[in-house]
1. All other residues with a Cβ under 10 Å from the Cβ of A:I344 taken together, and with Lys, Arg as +1 and Asp, Glu as -1, what is their net charge?
2. Nm distances between the label at B:D157 and the same-position labels in the remaining copies, 7 Å along Cα→Cβ, shortest first?
3. Can you give me the relative contact order of chain A as a percent, contacts being Cα pairs under 8 Å and 6 or more apart?
4. Can you give me the long-range amide H partners of A:Y382? Hydrogens built in the peptide plane at 1.01 Å from N, cutoff under 5 Å, separation of 5 or more residues or another chain.
5. Most fluctuating residue of A:V301, A:V104, A:V24 in a GNM of chain A with Cα springs under 10 Å: which is it?
6. Quickly estimate the mean residue ellipticity at 222 nm for chain B, helices only: each DSSP H run with n ≥ 4 gives -39500 (n - 2.57), and the total goes over all residues, rounded to 500.
7. Name the residues whose placed amide hydrogens come within less than 5 Å of the amide hydrogen of B:T154, ignoring near sequence neighbours (fewer than 5 apart) on the same chain.
8. Placing +1 on the Cβ of each Lys and Arg and -1 on the Cβ of each Asp and Glu in the protein assembly as shown, which of A:L16, A:L56, B:V228 has its Cα farthest towards the positive end of the resulting dipole?
2 protein chains.
Amino acid sequence: MFKLNENYLKLPGSYLFSTIGKKVSAYSAAHPDKKIIRLGIGDVTQPLAPAIIEALHRAVDEMGHAETFHGYAPDLGYDFLRNAIAENDYKARGCDISPDEIFVSDGAKCDSSNIQEIFGLDNKIAVCDPVYPVYVDSNVMAGRTGTYDRNTETWSDVIYMPCTAANGFAPELPKETPDLIYLCFPNNPTGAAVTKEQLQEWVDYANKNGSVIIYDAAYEAYISEADVPHSIYECQGARECAIELRSFSKNAGFTGVRLGFTVIPKELKCGEVALHGLWARRHGTKYNGAPYIVQRAGEAVYSEAGKEQLKEQVAYYMNNASYIYNGLKEAGFTVSGGVNAPYIWLQTPKGMTSWEFFDYLLENVNVVGTPGSGFGPSGEGYFRLTAFGSYENTVEAVDRIKGIRL
Amino acid sequence: MFKLNENYLKLPGSYLFSTIGKKVSAYSAAHPDKKIIRLGIGDVTQPLAPAIIEALHRAVDEMGHAETFHGYAPDLGYDFLRNAIAENDYKARGCDISPDEIFVSDGAKCDSSNIQEIFGLDNKIAVCDPVYPVYVDSNVMAGRTGTYDRNTETWSDVIYMPCTAANGFAPELPKETPDLIYLCFPNNPTGAAVTKEQLQEWVDYANKNGSVIIYDAAYEAYISEADVPHSIYECQGARECAIELRSFSKNAGFTGVRLGFTVIPKELKCGEVALHGLWARRHGTKYNGAPYIVQRAGEAVYSEAGKEQLKEQVAYYMNNASYIYNGLKEAGFTVSGGVNAPYIWLQTPKGMTSWEFFDYLLENVNVVGTPGSGFGPSGEGYFRLTAFGSYENTVEAVDRIKGIRL
């Protein structure tokens, strides 16, 4: 008789955003007349920029003629895209990353959940608390996290690094040494950023202790302050210890287009074995490349017109972020984030739990956010709002929240 | 110090098609004047059908306007596509599969390598020999296959089911009972098919022994004979024991577009736990949906115009298959496949090994095929040619092969 992967059965509840989706659907079905504003899941709302639409149409036309048709893509991505990434995201920022260290994929969610596969099951992971749930859940599924304690909502074999108001939502170096350290800056969900100096401490720590940093830089396009690094490779020694994950979802609105990439420098080794080769083998065996038309759309992100248009798109969302941040602050909420990130992290009022506040907002003012506790125990008492709505909806949502009388 | 997934280091050599790609590149670089014809990797060459191109353009236009923009797709696929699949691929063939048992993905390669994840590491797999390498390699990476013997080119904990001329390239029921049985019909690489009666035996065997069949039906569009089933769900009892993998790569030329799906019926359970829920959890946690525009392209495959155009496309490739089959047979080769599949499986002449014949053809007539031994030990002495080239190239390749004097 066949056997299940029992690790799946250890997962508590369902994936956070599925749960939110179901709650909203149920409320919506019961109250079809209510206009719900969703500032919960980090999904964008602005259309793709014209330069990207043009590139997509051109690539679609190519697919309609035998001479320009494209079948299977190269395992690791087309050179035209890998070159554009290396040039614009790395060389232009003084980072030494070559095109063949870039692995094109269908998004950072897949990469951040798959990357653990190339490591042994006996590695200990460290995560920020609160944290994007995928890092932990993918390790649970692999059997790397021990047992779950329903009271503390933590796993026995995971090192949690609390990110709280006390430390400015930037974790301290852990007491117990982890093998794999997941970091995400600018942070999801707190919206916090770290300076280059702070990040350098992590790189030094990893190199000293033989740890690998899995650095999720999906939100780098939202950085507005000069001393905040866009890539971990701005730090000395990162090529020896860091993997970087990037996404086109937030800087170019590709949540429904699906494109991302992972960088693994060739110096990153365990003994003589380069992780680069292992990830290449995984890509070659278990993945078949991002669609040609999508890779062409990715290339257009780096065109002159694309850059110009996307700068405006990011500015549009950051204007929303300021509106939320300032509006809620004026109304007496305790808020953070929103300066280098499209997320605003607010303390729930009157000691409500995160889910109580979620239900309260959904039912009373029809605004959907994300309960902080869904990201980990230190997220309890917090709530995430995203700046990815339309400006009109963002203004209306903030006005509605300002109007609540608890 | 972090630790690697040591299972990766057990993998012998690189992924088959990467090796072929490198050999061909090297030859090509050394002989830039030679016109190489590639009938190796199963990549299509015909452009996307007009109905699909139109659907893609329409969807791209939608992505360019806020009112019709699509962000994150539903975890398991858009209803419009899942409904079209259920209606056309299942209901129309008398199979009882509902839309919510269909999981849309970016292709059968990913699904066939990821599906093992929801099973425990203590399951024993059975595969045909020769076999599509991904089934075995993904299980090697997970640590389910034991040790590799370089002499026999087999894994200690894998049950191999030889497919040879003696059994018409259809495996016999294994003596040792497997937990997971990978079957692919019409078969890659041999091009062999099984009748509904033969497949029913496998379903009965799996239900009797508590095994799960992972049925790869990526080539079902090429079936020409009436008694060959298009889906395993045409068999009685398959809802209790079978997962089916499907692809849009070969029936619609989506190798560079990336779309596929997996079917898991709700009755398929281990004790009280439905595999459907586990796979849904995996999709929700580790995947973010196929691109909207690609799912719209998939929908167009089932439109009246799409069906008509793709029938012609499949006929075009099957005409190539006949040409290869008949041409090589006339020239004295021993050939099979090519009737219900786009692959022709030929015996290498004069006792050459598969790789010797590969090198011989590449160097002497500049034709690329796939060495049978790359698919497993019973593939030694065989060679795979695909019908996915253009008609002109196919004719030229066959004429070149006919001209060799060994």
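Read the figures in this text as sums done on the coordinates, not as results from a lab. Just so it is clear, the model here is predicted, and its values are computed rather than measured. Cβ placement follows ideal geometry from the backbone for every residue including glycine, while neighbour counts extend to all protein chains displayed.
1. +2
2. Distances between equivalent label points, in nm: 1.6.
3. Details: 767 pairs, mean separation 92.5, N = 406.
Taking the mean separation of contacting Cα pairs over the length of chain A, I get 23 percent.
4. Counting only residues 5 or more places away or on other chains, the set is A:T348, A:S354, A:G372, A:S373.
5. Answer for the Gaussian network model of chain A: A:V24.
6. On the way: 12 runs with 144 residues, N = 406.
Mean residue ellipticity, 222 nm, calculated: -11000 deg cm²/dmol.
7. B:D149
8. A:L16
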